[in-house]
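Worksheet: the structure to be examined is printed underneath.
The values are calculated or read from the model by the stated rules, or taken from the named source; none is laboratory data. From a predicted model like this one, the values you see are computed outputs, not experimental measurements. Ideal geometry is used to build each Cβ from the backbone, glycine not excepted, and the neighbour counts take in all protein chains shown.
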Amino acid sequence: MQKEVRFLFTSLCRVTRSSDTRIDKSSAMKALAEALASPYPSDNPARPHLIDLSHASRMYKSLLQGGHFSHAGNTVVRSPAFSPSDFASVFLSVVGKDVTIAIAQGEGAFVAAELLERIREEGSEEQKKNIREWFADAFVARLKASEAKGKNVLLEKIKALS
Amino acid sequence: MIKPHVERMCTDDEAQLVLFTALDVIEYDICSTFVRILLTSFTSDTKLTAKSLVSDVISHASSFATSPQGRRSLFHLIVPRSRRHFTPAQIAVIAETDPIRAKTSKKDGAVRESEIRKAASEGLLQFVVEKGAETTRDTGGSLLVLDIMLYAEGGQVSLYFSVSCHAEF
């Protein structure tokens, strides 16, 4: 037993630490953002753009919120294992201006509204500046003239960001 | 004994409850010598369970994502007993073994769940990378992708501790 104790206390102090497998959500975030980055609307009626599928839209909105909405508490219950601001950053860089503006004027107004909210609350100053340029006065005028579902929520978020 | 049947069990409403119970309660004998106990602390019973059963379930994630039963098997790895995906009746059946487990297992249920979630996370996130976009087109699939993203362990480097042994006897 004494040998085992010496073995333990003299040898186990050297613990080397090396990265093994990186479990990283950024690759998964990028994959989901890339799925949105195709031109909107889709030119193939048999394969609508993801944002035109209501369940997919809800998924993206929940990712930008960072959790599920709880009707009991009337609030979003954030998951500690997920960063919605990281996803918003990936969204901005992967989906880009043109498609984001297009989906915001289409069936994606609620998703765009949540994106703006996330950037307003947790984004960098540069991200806020960029997104203000995307959703500038010309876009606001077009949105007001449209019948897009969720346009009032989006207009409210654009105003909050300015 | 159940390993050859994991895929079929995962897609059966009744059989999958057996699998869930297995993940909840399987124990392994811990060796009695001090050094072996120390070494097995790096590979405890839950981690051994995770390596076998969990990896078998994850390997079929693509096919499981297409059915409610299969998705439930995947949900159990990351959000076990969640009322969003399990009925009160199913949760009650799974919970029947909780009193027995409390008497026979040293491990807290929450710790066990966390270890299984950690073991499943990499495979599930890889599934999202490869098949997430297509899976999202399906109503049930979008819920699966969402919960994997929200609750799988990710965003940090997993550490592998190696012990260098300089025996001084």
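Here are a few things to note about the model shown:
- Condition met for B:D108 (free of Cβ contacts under 8 Å to residues at least 24 places away in the same chain and of a type outside the set (G, A, S)): yes
- Tally of residues being β-branched (V, I, T) and not in a helix (DSSP H, G or I) across region B:85-113: 1
- Out of A:K149, A:K97, A:K159, one residue alone is in contact with a Phe, Trp or Tyr (Cβ under 7 Å, 6 or more places away or on another chain) and surrounded by fewer than 15 Cβ atoms within 10 Å (Cβ to Cβ). It is A:K97.
- The conditions of being of a type outside the set (A, V, I, L, M) and not in a helix (DSSP H, G or I) are not met by A:F110.
- Within region A:77-101, the only residue that satisfies the criterion of being touching an Asp or Glu at 6+ places or on another chain (Cβ under 9 Å) and basic (K, R) is A:K97.
- Looking only at residues in region A:77-92 that are surrounded by fewer than 16 Cβ atoms within 10 Å (Cβ to Cβ) and free of Cβ contacts under 8 Å to residues at least 12 places away in the same chain, the one that is farthest from A:E125 (Cα to Cα) is A:V77.
- Yes/no for A:A31 being assigned to a loop (DSSP other than H, G, I, E, B) and within 11 Å of another protein chain (Cβ to nearest Cβ): no
This table checks each residue for (1) closer than 25 Å to A:D52 by Cα; (2) of a type outside the set (V, I, T); (3) modelled with pLDDT of 95 or more.
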site: B:T87; (1), (2), (3): no, no, no
site: B:R112; (1), (2), (3): no, yes, no
site: B:G140; (1), (2), (3): yes, yes, yes
site: B:V145; (1), (2), (3): yes, no, yes
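- Count of residues meeting criterion [among the basic types (K, R) and exposed (fewer than 13 other Cβ atoms within 10 Å of the Cβ)] in region A:121-130: 1
- Total residues in region A:64-77, condition more than 18 Å from A:V153 (Cα to Cα) and modelled with pLDDT of 95 or more: 4
Let's see how each residue does on (1) of a type in the set (D, E, K, R); (2) closer than 16 Å to B:E14 by Cβ; (3) within 10 Å of the chain's Cα centre (by Cα); (4) part of a helix (DSSP H, G or I):
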{"residue": "B:L53", "(1), (2), (3), (4)": "no, no, yes, yes"}
{"residue": "B:V57", "(1), (2), (3), (4)": "no, no, yes, yes"}
{"residue": "B:R71", "(1), (2), (3), (4)": "yes, no, no, yes"}
{"residue": "B:L74", "(1), (2), (3), (4)": "no, no, yes, yes"}
{"residue": "B:P80", "(1), (2), (3), (4)": "no, no, yes, no"}
{"residue": "B:R83", "(1), (2), (3), (4)": "yes, no, no, no"}
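- Scanning region A:68-96 for residues that are of a type in the set (G, A, S) and within 11 Å of the chain's Cα centre (by Cα) gives A:S83, A:S85, A:A88, A:S89, A:S93.
- Any chance A:E133 is surrounded by fewer than 16 Cβ atoms within 10 Å (Cβ to Cβ) and touching a residue at least 40 places away in the same chain (Cβ under 8 Å): no
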